[in-house]
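Visitor: Provided herewith is a single structure, encoded as structure tokens, for subsequent inquiry.
The numbers here are math on the coordinates, done by the rules we state, and not lab data. From a predicted model like this one, the values you see are computed outputs, not experimental measurements. All Cβ positions, even for glycine, are placed from backbone atoms using ideal geometry, and neighbour counts span all protein chains on display.
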Amino acid sequence: MNTSETILYIVWALAILFLLFIPVQRRREASICFLFQQFVTWFLGILVVEMNLIAYPVRLFADVNQTSFTFEFIIYPTMGVFYILLYPVCKQMYYRIFYTISFVTAITISEIILEKYTDTIEYIQWNWLYSWISLCLTLLLLKVFYNWYFQVKVKERKKTTYSL
């Protein structure tokens, strides 16, 4: 087993561990967000791979799919869940913008490191800025979906404080 495969298994273990620590009263929200994010990343992942923008040389289920099953079905949906559950709903707008930018930047930096030092991802006609923009847009889409699905209204958000 090489370094890239080891990283994949460690990431799977960490993602599952993180999901186990979601409080029982928030699991309904988490599961809906997780499934929505899987749908979005599955579609976009197939799109970028088929357009030959990104390649995943080392991946799980390589015979079935050319996309990164690990990223699109466990890592990013898990991050999306925590983005929503930890979202600073009662804070001012600039704080929420800073939260989103910081969250997306942390994911992008991790992807840059993986692209540079492992075989888990390879940019073909892609760069970190495209990743940053797509991550930002998909997380904002998740937030819009979350607000719509759970019928979160501005007045309700100001009254309640969510926490893990």
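Visitor: Taking the Cα centre of the stretch 45-164 as origin and charging only Cβ (+1 Lys, Arg; -1 Asp, Glu), how large is the dipole, in debye to the nearest 20?
Guide: For the stretch 45-164, the charge dipole is close to 1060 debye.
Visitor: Next up: Could you run the Karplus curve 6.51 cos²θ - 1.76 cosθ + 1.60 with θ = phi - 60° over the stretch 125-137 and give me ³J(HN,Hα) per residue in whole Hz, x for Gly and Pro?
Guide: With coefficients 6.51, -1.76 and 1.60, one gets 10, 9, 8, 4, 5, 4, 4, 4, 5, 5, 5, 4, 5 Hz.
Visitor: So which trypsin sites (Lys or Arg not before Pro) in the stretch 19-103 are both in a DSSP loop and have at most 15 other Cβ atoms within 10 Å of their Cβ?
Guide: In loop regions of the stretch 19-103 (DSSP not H, G, I, E or B), the sparsely surrounded trypsin sites (Lys or Arg not before Pro) are Lys91.
Visitor: What angle, in degrees between 0 and 90 and rounded to the nearest 10, separates the Cα long axis of helix 76-85 from the longest principal axis of the Cα atoms of the chain?
Guide: 10
Visitor: Another question, then. Calculate how steeply helix 27-50 sits against the longest principal axis of the alpha-carbon atoms of the chain, using the helix alpha-carbon long axis, and give the answer as 0 to 90 degrees to the nearest 10.
Guide: 40
Visitor: Report the calculated FRET efficiency for Leu137 and Asp63 (r = Cβ-Cβ distance, R0 = 22 Å), to the nearest 0.05.
Guide: Working: r = 31 Å, r/R0 = 1.41.
With a Förster radius of 22 Å, E is 0.10.
Visitor: Over the chain, calculate the relative contact order: mean separation of alpha carbon pairs under 8 Å at least 6 apart, over the residue count, as a percent.
Guide: Worked out over the chain, it gives 30 percent.
Visitor: Right, here's the next one. What angle, in degrees between 0 and 90 and rounded to the nearest 10, separates the Cα long axis of helix 3-20 from the longest principal axis of the Cα atoms of the chain?
Guide: 20
Visitor: Can I ask one more? Be a star and scan the stretch 32-76 for residues whose amide nitrogen sits under 18 Å from the point 7 Å along the Cα-to-Cβ vector of Thr3.
Guide: Of the residues in the stretch 32-76, 56-59 have backbone N under 18 Å from the label point off Thr3.
Visitor: Moving on to the next point. Beyond 20 Å, what percent of the Cα pairs of the stretch 24-111 remain?
Guide: 44
Visitor: At Val144 and Trp128, where each label point lies 7 Å from the Cα along Cα→Cβ, what is the point-to-point distance in nanometres?
Guide: For the pair Val144/Trp128, the computed spacing is 2.8 nm.
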